[in-house]
Amino acid sequence: MKNTFNRMILAGILLLAAGQLFSQTAAPGKISGDVVKLGVLTDMSGLYSDIGGQGSVVAAQMAVDEFGGKVLGKPIKVISADHQNKADVGANVARQWFDTQGVDVILDVLNSGVALAVSKVANEKHRIFLVSGAGSTRLTNEDCNPYTIHYVYDTYATGTVTGKAVVEHGGNTWFFITADYAFGHSLQDDTSKAVTAAGGKVVGSVLHPLNAPDFSSYLLQAQASGAKVIGMANAGGDTINTIKTAAQFGVSNKQTLAGLLIFISDIHALGLPLTQGMYVASAFYWDLNDDTRKFSKAYQAKTGKMPTMVQAGVYSSALEYLRAVKAAGTDDPDAVLKQLKGMTLNDAFVKNGKIRPDGRMVRDFYLFQVKTPAESKGPWDVYKLISTVPADQAFQPLSLSRCPLVKK
Amino acid sequence: MPEIFGVPLVALLGQLMLGLVNGCFYALLSLGLSIIFGMLNIINFAHGALYMTGAVFAWIALDQFGLGYWWALLLAPLTVALLGVLIERGLLRWLYALDPLYGLLLTFGLALVLEGLFRYRYGVSGLPYAQPAAFDGAFNLGFMFLPKYRGWVVVASLLVCFGTWALIEWTQLGAYLRAATENPRLVQAFGINVPAMVSITFAVGAGLAGLAGVLAAPQTQVSPLMGTNLIIVVFAVVVIGGMGSILGSILTGLGLGLIEGLTKVFYSQASNTVVFVIMALVLLMKPAGLFGRER
């Protein structure tokens with residue numbers, strides 16, 4: 001009796017396992033569910049929604065339109081959801097999308113906390129996750145996995161490029177105002193290393209909650225520290241309010257503000273009088289060359305705004321994903337990944353991009369300076385290019401990687 | 001330099017001053033909430049949205065009509081108060097006979113609608129509202145430079161808070177209001193128009209939120225999210241002060257601002273939880289709040 005019971009359990013387990021195998025491996029040469037589904041998971045209404053949000057959905061759709069809405073003869077569909085900046089909500093949507101909605105790839109995912117959770121789900125379900133919005137370097141280090149590709153920027157790139165430039169211009173003592181979650185910590189760490197390496201010194205830091213209502217207290221501590229530079233290890237609405245409050249407290253007379261992750265939407269919201277002269281490290285600016293201008297003007301016609309590097313990144317990651325599907329002749333995740341990681345990426349957003357074994361997409365990075373109101377010729381004419389940082393200097397070298405996928 | 005627990009006294013005083021500025025906003029907002037709850041028994045979840053609306057109206061006044069800060073300070077609260085009357089007459093009125101829960105749900109929904117509308121129109125990065133030129137510069141208080149505008153915020157909100165309190169406690173109108181709360185039917189029997197009193201009350205509460213919004217506009221980014229960020233703390237303030245206690249909510253608002261300021265010096269990570277820890281402690285010891293009466 002007991003034996004029969006055991007056998008039944010065993011049979012059950014085998015059946016389940018077989019089912020799992022079956023659901024994971026679509027036969028090569030085919031499109032699962034006869035449709036390629038791109039899922040844009042982003043902050044639709046919170047403090048980061050101007051960086052990605054609805055704009056990311058539009059960007060993904062632009063990539064689909066470039067493909068004529070079809071790949072390998074099957075339709076392409078873009079769906080989207082709001083993760084509300086909550087890791088559990090993000091992970092749940094990802095699980096649902098993969099399990100029941102037949103989503104082939106997840107795009108964007110602003111907010112590092114959410115992206116780390118979604119990355120785990122992608123790895124567990126063996127589906128592709130192309131991160132444009134989140135910045136934490138943990139995605140390609142401790143928490144790296146074969147299915148997650150970090151596409152646009154990370155805190156190492158923006159922190160190092162800005163940190164180095166500021167120290168070289170004399171800002172050698174630093175105080176950090178840091179958002180208290182994965183991304184902020186990561187940004188502060190990476191920038192601190194760059195500052196110290198360039199001969200600067202970090203004299204202190206203060207943590208603030210995400211979406212803090214008032215920054216005056218942190219700025220007062222930064223002022224008291226006597227540091228020459230106040231590094232803002234935060235993003236979006238938090239950075240905007242830090243800069244605004246700093247102006248009221250007369251910080252700029254004695255100290256320099258350094259934004260370690262600044263988006264064009266932030267500059268646009270604050271205006272040039274408050275932001276002029278600031279250094280900005282970015283993977284994208286609309287006015288770089290003919291390709292970026294063409295894409296950005298088309299985007300602006302649809303949304304009324306110029307794309308942030310995240311939105312441009314979502315467009316590019318969707319486009320390159322579809323190219324990889326076409327080249328692989330299937331949407332089987334492993335086959336597409338193999339294709340993607342072997343490709344050289346070239347489009348309006350990226351020139352000669354390569355995906356490394358740790359999942360980091362590397363490409364040249366840019367250091368900009370915010371124009372003065374007199375230099376600017378229009379509402380979006382905000383940056384002047386200071387230098388182009390080659391890929392191998394902008395991103396963390398593989399030799400320092402803490403990702404187990406990297407063979408040393 | 002004298003120190004307290006390893007923190008220089010000067011830094012401490014500076015943080016306390018900033019705490020007072022934040023406390024003023026808490027006080028102004030919780031005062032409005034308290035009035036509305038005390039008189040109408042409605043928990044107004046749309047209060048944060050009305051605060052945000054006040055700030056956005058100030059921005060619109062400047063951007064579309066070229067009306068400066070002082071006009072905004074007058075007109076925006078009046079417009080928000082008018083909006084309050086519409087909400088009260090058009091919607092809330094129908095819910096008085098029902099469980100207070102319905103009022104809560106309705107106002108919560110209203111808050112979502114208002115924020116959604118402004119988000120749809122302007123996005124979340126917010127709109128810049130320049131500080132009026134009269135407030136450029138800072139006062140040297142010896143221990144810190146206080147931007148003149150923040151000094152003005154403290155003076156203005158303290159005046160408004162205690163003015164409103166005096167109005168309710170010491171004037172004929174205030175007496176009518178308080179009587180109408182205790183026993184609306186009896187007061188109506190004396191020939192006083194109770195429904196109008198109720199509308200006025202809601203309008204005043206809403207107007208106070210709008211005023212706080214205009215005061216906040218130059219010092220933070222005018223954004224659809226600015227109300228949500230603040231309102232949760234304000235609710236905690238009202239609960240700690242005692243639901244419906246007007247003086248209680250003013251004093252608690254100021255006090256909690258100070259405590260929050262101190263927390264930012266000693267352990268800034270806890271600054272947004274400390275209010276709720278205090279709330280839990282107060283509820284354990286005095287369920288009606290510090291200044292509230294058991295009903």
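Just so it is clear, none of the values below were taken in a lab; they were calculated from the coordinates. Remember, predicted model here, so these are calculated numbers, not experimental data. Ideal geometry is used to build each Cβ from the backbone, glycine not excepted, and the neighbour counts take in all protein chains shown.
Summary of computed values
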quantity	calculated
Residue list for the range A:70-96, given a label point 7 angstrom along the Cα-to-Cβ vector of A:V35 and an amide N cut-off under 20 Å	A:70-82, A:93-96
For chain B, with +1 on Lys and Arg beta carbons and -1 on Asp and Glu, the positive-most of B:F235, B:L186, B:L211 along the dipole	B:L186
Given charges at beta-carbon only (K, R positive; D, E negative), |dipole| of the range B:3-285 in Debye	240 debye
The protein assembly as shown - charge dipole about Cα centre, Lys and Arg +1 at Cβ, Asp and Glu -1, debye rounded to 20	820 debye
Relative exposure of B:W165, B:W59, A:W97, B:W70, judged by other C-beta atoms within 10 Å (fewest first)	B:W70, B:W165, B:W59, A:W97
Centre separation in Å (Cα based) which lies between the range B:75-148 and the range A:214-245	25 Å
Euclidean distance of C-alpha centroids, the range A:33-91 and the range A:130-160, integer Å	19 Å
Cross-link pairs A:K244/A:K371; A:K228/A:K384; A:K305/B:K148 - those with Cα-Cα distance over 26 Å	A:K305/B:K148
Shape of the range B:1-143, Cα gyration tensor, a/c cut at 1.5	oblate
Cα lying deepest toward the dipole's positive end in the protein assembly as shown, options A:A94, B:I87, A:A374, charges on Cβ	A:A94
Over 29 Å (Cα to Cα) - which of A:K30/A:K354; A:K164/A:K254; A:K86/A:K297 fall in this group	A:K86/A:K297
Separation of the B:L86 and B:V154 label points, Cα + 7 Å toward Cβ, nm	3.8 nm
Residue among B:G116, B:G142, B:G14 with the largest mean-square fluctuation in a Gaussian network model of chain B, springs linking Cα atoms under 10 Å	B:G142
Built amide H within the under 5 Å cut-off of A:G135, gap 5+	A:N111, A:S112
Inter-site label distance for A:E168 and A:K351 at 7 Å from Cα along Cβ, in nm	1.9 nm
Cβ-based net charge around B:M226, under 14 Å, with every Lys or Arg adding one and every Asp or Glu removing one	-1
Span-like helix ranges in chain B, DSSP H, alpha carbon extent 24 angstrom or more, Kyte mean at least 0.0	B:9-40, B:47-65, B:69-90, B:100-122, B:148-170, B:194-216, B:246-266
Under 12 Å, Cβ to Cβ, from A:G226 - net charge with Lys/Arg +1 and Asp/Glu -1	+3
Neighbourhood charge, 15 Å Cβ-Cβ cut-off, centred on A:D290 and excluding it, Lys, Arg +1 and Asp, Glu -1	+1
Rg followed by Dmax, in Å, when the protein assembly as shown is reduced to its Cα trace	27.7, 90
Test item: A:39-50 mean partner chain Cβ contacts at 10 Å	3
Selected from B:W152, B:Y129, B:M285, residue furthest toward positive end of dipole (chain B; charges at beta carbon)	B:M285
Most fluctuating residue given options A:A327, A:A283, A:A59, as computed from a GNM of chain A linking Cα atoms under 10 Å	A:A327
FRET efficiency for B:L186 and B:L101, using Cβ-Cβ distance with R0 set to 35 Å, rounded to 0.05	0.85
Residue among B:G210, B:G191, B:G123 with the largest mean-square fluctuation in a Gaussian network model of chain B, springs linking Cα atoms under 10 Å	B:G191
